[in-house]
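Chemist: Below is one structure. I have some questions about it.
Every number here is computed from the coordinates shown, using simple stated rules; none is lab data. Everything numeric in this text was worked out from a predicted model, so none of it was measured. We place every Cβ from the backbone using ideal geometry, glycine too, and count neighbours over all the protein chains shown.
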Ligand SMILES: [Zn+2]
């Protein structure tokens with residue numbers, strides 16, 4: 001089971017890292033997968049998604065990482081030490097990515113088993129622009145809604161590492177409160193894209209659709225700007241999930257408080 005999850009994570013990471021996708025270059029981006037309630041795989045620092053192998057992932061415990069998220073501010077060296085201490089096998093090679101805490105926050109949500117974080121050029125044209133927020137106020141086409149969800153989660157710029165992870169955790173819960181379901185896509189201002197899904201394949205598909213959406217959005221500005229679908233038409237495509245999801249997440253939050 002553990003190895004199967006890791007194999008899927010390796011394949012996902014290699015696919016996200018394909019140069020023709022233009023999602024990442026060099027050491028950009030990171031991926032993770034839930035193994036069980038206690039542990040998850042996360043990309044090790046200094047590895048490249050496109051050429052990563054099973055050895056490029058580190059198994060870490062949720063608990064100490066979530067404690068960092070909810071605890072006091074830590075210095076860079078304290079964070080590094082805490083992440084090293086969160087490894088299931090202290091002797092295993094590799095140091096957990098600096099973004100491990102944000103992966104832990106996402107993987108805590110029900111039915112999120114894989115997370116893919118990339119810096120696609122087209123998505124970052126959007127997240128690095130003055131139109132970020134206003135340009136993503138509406139939906140553009142039905143498949144965007146079906147694959148990417150009712151709305152992206154928008155994350156204002158935060159220092160990568162613990163501050164960013166805390167911002168993401170806070171906004172994830174706000175999103176669940178607003179929409180009654182978790183986001184599939186997070187757009188991080190001046191940074192990139194994060195995709196949350198039950199399966200590795202879905203992370204790939206959602207990433208591809210989020211990138212296509214950004215490309216179309218960019219193109220609409222050649223023709224006077226985006227024409228968003230009406231609320232009524234969006235509602236026809238989007239089926240609201242049941243309230244259980246929200247209760248699940250909120251219940252979970254209380255338990256961890
Ligand atoms: Zn990043």
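Chemist: How would you rank 157, 175, going from fewest to most other Cβ atoms within 10 Å of each one's own Cβ? Let's see the in-between values first.
Modeler: Numbers: 157 15, 175 22.
By the 10 Å Cβ count, ascending, the order reads 157, 175.
Chemist: Determine the distance separating the Cα centre of region 129-170 from the Cα centre of region 202-231; give it in Å without decimals.
Modeler: If you average the Cα positions of each part, the centres end up 13 Å apart.
Chemist: Would you mind computing the Rg to Rh ratio of region 128-229 from its alpha-carbon coordinates, Kirkwood style for Rh?
Modeler: That ratio is 0.95, to two decimals.
Chemist: Taking the 0 to 90 degree range and rounding to the nearest ten, how far is the long axis of helix 162-179 tilted relative to the main principal axis of the chain, both from C-alpha atoms?
Modeler: It works out to around 50 degrees.
Chemist: Could you compute how fast the chain diffuses translationally, taking Rh as the Kirkwood radius over C-alpha pairs and applying Stokes-Einstein at 25 °C with viscosity 0.890 mPa s? Give it in µm² per second. Could the numbers behind the result be given before it?
Modeler: Working: Rh = 18.5 Å.
In µm²/s, the coefficient rounds to 132.
Chemist: Count the DSSP beta bridges whose two residues both fall in the chain, then state the antiparallel fraction as a percent rounded to the nearest 5.
Modeler: Values: 23 of 26 bridges.
Percentage antiparallel, nearest 5: 90.
Chemist: Taking the Cβ of each residue in 229, 188 as the centre, tally the other Cβ atoms inside 10 Å and list the residues starting with the fewest. Each step should come with its number before you reach the end.
Modeler: Values: 229 18, 188 25.
Ranking 229, 188 by Cβ neighbours within 10 Å, fewest first, gives 229, 188.
Chemist: While we're here: Of 128, 106, how do they rank once you tally other Cβ atoms within 10 Å and put the fewest first? Walk me through the numbers before you get to the answer.
Modeler: Working: 128 13, 106 25.
Ordered from fewest to most neighbouring Cβ atoms within 10 Å, 128, 106 come out as 128, 106.
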